[in-house]
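The values are calculated or read from the model by the stated rules, or taken from the named source; none is laboratory data. Just so it is clear, the structure is predicted and the values come from calculations on it, not from any experiment. Heads up, the Cβs are rebuilt from the backbone with ideal geometry, glycines too, and the neighbour counts pull from every protein chain shown. For the accessible areas, the whole protein counts, side chains as well, though only heavy atoms, and no ligand, DNA or RNA atoms are used. Shrake-Rupley method; radii C 1.70, N 1.55, O 1.52, S 1.80 Å.
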Amino acid sequence: MTTRLTACLLALAVVLGGVLLLRPSESTLAAWSDEATVAVPQLRTGGVQVDVTTAGTGTTATLGMSGDTSGTWRPGAVTVTSGGRALTGAELDGSRVDYRLAGKNGTCAATDPVAYTAGLSGARTSFTVTGGERMSGARTLCLTFVPSDQVRVQLGGRALAFATTVDGVATAGTWTAANTWTATHQLPAAPSVSAMRCTPGWLNQWVTLAWDWDAGGLNQTVARWSLQLEDRGTWREVGTVPARQRTTTVSPYQFDFVSFDSYTLRVAAVLTDGTTVPAPSSTKVRVERVGIGAAYCG
């Protein structure tokens, strides 16, 4: 009897001890935990964006803003590239980019006032757009490139790309946005001197050289013509011709007293600012001189 009573008491102690072990301790805040995954609507933050719509070469673009609130925008800066390379202000010196507001028909006339402009000069490759006011709503702008004579001479015939940064600001000033408007412009052909024509004179006592001139839209005129002779890989001026003329004569008297040689000649236009535009090709003149001498084309 004593043995059975002792066994029962031990069993009860084990049961009670297990119950106590399952109770939360005084230092535990929670005895059990659980978790569940619940789908919630996608979180969204407000904002604005600058919209750019172009067609063709992109010289005309419709700009505006969209988003959670209204805002204003304006062109901020422009870069100019040729063949993927950004051009510096030194290469574009004297040129400018103009922006005009299109009318209700979506077109701009050259006589319309310029709303914004960017002068191109200096060593930088990004040029600030100035003038005008910030715009609201959708408006159409037309881009016009006004090249300097330097650009017409150096870059004539090339395609240029104009990337204009358009900056937008929400009405409340909470958000800002930017976009890029890219336009391309094909420059007209560079001013040029035609290949020279050589005509023999009477009894081969001289030859007459003649050429034509295409100004290519230059704002300045030719100040004079430079007759040049190739001399050991360089061109040396050997005579000048008045601007109004397109011909000159070459005689044996212009060379050494004893001369039996062929000379390579070309002509170059010298503009009023000193810029030279050489002919793309040259011509040869054969001189044979002992006494009177003779000159021949080629």
* Which one is modelled with the highest pLDDT, of the residues in segment 57-85 that are on the phi < 0 side of the Ramachandran plot and not in a strand (DSSP E or B)? -> T59
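Regarding segment 247-266, can at least one residue be identified that is within 30 Å of P147 (Cα to Cα) and in contact (Cβ under 8 Å) with a residue 60 or more places away in the chain? Step through it out loud before you land on a result.
We begin by selecting, within segment 247-266, every residue within 30 Å of P147 (Cα to Cα); these are 266.
Adding the requirement that they be in contact (Cβ under 8 Å) with a residue 60 or more places away in the chain leaves 266.
Scanning segment 247-266, I find at least one residue that is within 30 Å of P147 (Cα to Cα) and in contact (Cβ under 8 Å) with a residue 60 or more places away in the chain, so the answer is yes.
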* T117 vs. criteria assigned to a strand (DSSP E or B) and either open to solvent by 60 Å² or more (accessible area, probe 1.4 Å) or polar (S, T, N, Q) (or both) -> yes
* Pull up segment 89-102, narrow it to residues that are part of a loop (DSSP other than H, G, I, E, B) and open to solvent by 40 Å² or more (accessible area, probe 1.4 Å), then point me to the one that is nearest to N219 (Cα to Cα). => G94
* What strands (runs of 3 or more DSSP E) lie completely within segment 225-279 and have 2 or more residues being closer than 18 Å to A195 by Cα and open to solvent by 70 Å² or more (accessible area, probe 1.4 Å)? -> 234-242
